[in-house]
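Below: the structure, in structure tokens.
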Amino acid sequence: MKKSMILTAMWVATAAVSGTALADDMSGMKMRDGAMSHAPTARDEALTDAVVKHVDAANGMVTLKHGALANVGMPAMTMAFKAKDAAMVNSVKDGDNVKVHVENVDGTLTIVKMMRQ
Ligand SMILES: [Cu+2]
């Protein structure tokens, strides 16, 4: 009686563990599949943390203290960027913490995406 209860408990525990492992494997596969199918997009739209240091609305420029921008081969630094459009320039102010995506657009490093944090 006692022995069979222990065996049952062990079986349940084993089933629970293998069930969890199976679920982890499946979610892991799903995540890997998702990462693979979305890898190019995720890389293209990688966001980098930055702080707005200066906004030059007249010239459509925003100076950012930015982290490394892998897609344009730039280490972390503070520099001025052309903003995609006036709406973007007007959406931020000095001191804002933002996430940005910068691209080389016809030879000009341009902030193509900027999100306030
Ligand atoms: Cu830079």
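The values are calculated or read from the model by the stated rules, or taken from the named source; none is laboratory data. What you see is a predicted model, and the numbers here were worked out from it, not measured in a lab. Please note that ligands, DNA and RNA were not included when accessible areas were found on the heavy atoms of the full protein model with its side chains. Shrake-Rupley method; radii C 1.70, N 1.55, O 1.52, S 1.80 Å.
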Computed accessible area, Met88, all protein chains, 1.4 angstrom probe, square angstrom: 20
Let me know the number of lysine pairs in the stretch 48-116 closer than 12 Å at the Cα, not counting same-chain pairs under 8 apart. 6
Rel. contact order, % - alpha carbon contacts under 8 angstrom, at least six apart, the stretch 48-116: 33
Over the stretch 48-116, with neighbouring protein chains present, the accessible area per residue in Å² at probe 1.4 Å is 53
